[in-house]
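All remarks here apply to the structure that follows.
The values are calculated or read from the model by the stated rules, or taken from the named source; none is laboratory data. Treat the numbers as computed from the prediction; the structure is a model and nothing was measured. Please note: Cβ atoms are built from the backbone with ideal geometry, for glycine as well, and neighbour counts cover all protein chains shown.
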Amino acid sequence: MSILAERDLKVVIQGITGREGTARAKLMKEYGTNVVAGVTPGRKGEVIQGIPVYDTVEEAVEKQGPLDVSVIFIPAPLVKEAAFEALDAGIQLLVIVPDRVPVYDVLEIVKRSEEKGARFVGPNTLGLISPGKAVLGMIGGRAESAKEWFKPGPVGVTSRSGGITSAISYYLGRSGIGQSTIIHVGGDSVVGTPHPDVVRLFEKDEATKAVVMFGEIGTSQEERVADLIERGEFTKPLIAFIGGAAAKSGTRFSHAGAIIEGGRGTHEGKVKRLKEVGAHVVDDFDEIPRVTRSILDKLSHSC
């Protein structure tokens, strides 16, 4: 199994005729993702990478049947409208790639998705990939790279940094450790599926035996993961690395979601809290594969 990205899900790409939409349609299609439709208003009848283009999501549903996922490559000011269109058409998972989506728009998308019983990843995300099954978004850049770098296996990866998402998975793979699903939750202060929601999904996934989490200063995502562990709601081994050790109050680290305000969201506080509940917090990024391998070996010996 895996989480969120499966081979048989029917995917639509909103904004497929734009530069990014076209390039990532090629990635997803060549990787094996079941992309059945694209949407760009006024471009109905075109075909991109063998994918038919429609004017609206509703029209795509009428022609292709119910759709499961929308990957959105729409300019940030128009993302809310595109997300609402997908949610109102019954799509249950959105992957919102663009950055700089206004935070109030994101909050409205949160509200609408909750009303519809749906979920979204992002904004400001590379998306996610379940190796050997499907890629949703732009992880890997090209299908050849994604197939080479990311291999199926027992470790889930959740990260707040796009570049680090790929790096963790690449180095795990080089160490012979495959991944169940790799997800970049997004770099903004408000995201649809933050770390706590991701680890809840991994907890339910039988194929995921351990989880690697890349956290950062800012927000309380990592502390909330620690709360889940403390309450027994996440029971699998967690290997965590927290970026931004040298950041001081008021510092912005990498992107909008990683900023310390007053005493909240500090590196020290996150590390302390995760260690208190038994997470395996590493101080050096290079330690991640070694510690993960050690934990997997212990799990296999205990079975």
Do the conditions hold for VAL69, that is, is it within 18 Å of the chain's Cα centre (by Cα) and β-branched (Val, Ile, Thr)? yes
Hey, among ALA60, ALA86, which residue is touching a helix residue (DSSP H, G or I) at 6+ places or on another chain (Cβ under 8 Å) and either in contact (Cβ under 8 Å) with a residue 24 or more places away in the chain or part of a strand (DSSP E or B) (or both)? ALA86
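Buried (at least 18 other Cβ atoms within 10 Å of the Cβ) and not assigned by TED's automatic domain parsing to the domain that holds GLN179, is that true of VAL47? So that I can check it myself, show each step before the final result.
Values: buried (at least 18 other Cβ atoms within 10 Å of the Cβ): no; not assigned by TED's automatic domain parsing to the domain that holds GLN179: yes.
Against the criterion (buried (at least 18 other Cβ atoms within 10 Å of the Cβ) and not assigned by TED's automatic domain parsing to the domain that holds GLN179), VAL47 does not qualify.
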Apart from one, (1) in contact (Cβ under 8 Å) with a residue 60 or more places away in the chain; (2) under 28 Å from GLY132 (Cα atoms); (3) of a type outside the set (S, T, N, Q) all hold for GLY38; the odd one out is (1)
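One line per residue, one yes/no per condition, for (1) touching a Ser or Thr at 6+ places or on another chain (Cβ under 9 Å); (2) under 25 Å from GLU114 (Cα atoms); (3) charged (D, E, K, R); (4) part of a helix (DSSP H, G or I):
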site: ILE183; (1), (2), (3), (4): yes, yes, no, no
site: GLY186; (1), (2), (3), (4): yes, yes, no, no
site: SER189; (1), (2), (3), (4): yes, yes, no, no
site: GLY192; (1), (2), (3), (4): yes, yes, no, no
site: PHE202; (1), (2), (3), (4): yes, yes, no, yes
site: THR208; (1), (2), (3), (4): yes, no, no, no
site: PHE214; (1), (2), (3), (4): yes, no, no, no
site: THR219; (1), (2), (3), (4): yes, yes, no, no
site: ARG224; (1), (2), (3), (4): no, yes, yes, yes
Only one of VAL39, VAL61, VAL69, VAL57 that is under 20 Å from ARG119 (Cβ atoms) and either among the charged types (D, E, K, R) or surrounded by fewer than 20 Cβ atoms within 10 Å (Cβ to Cβ) (or both): VAL61
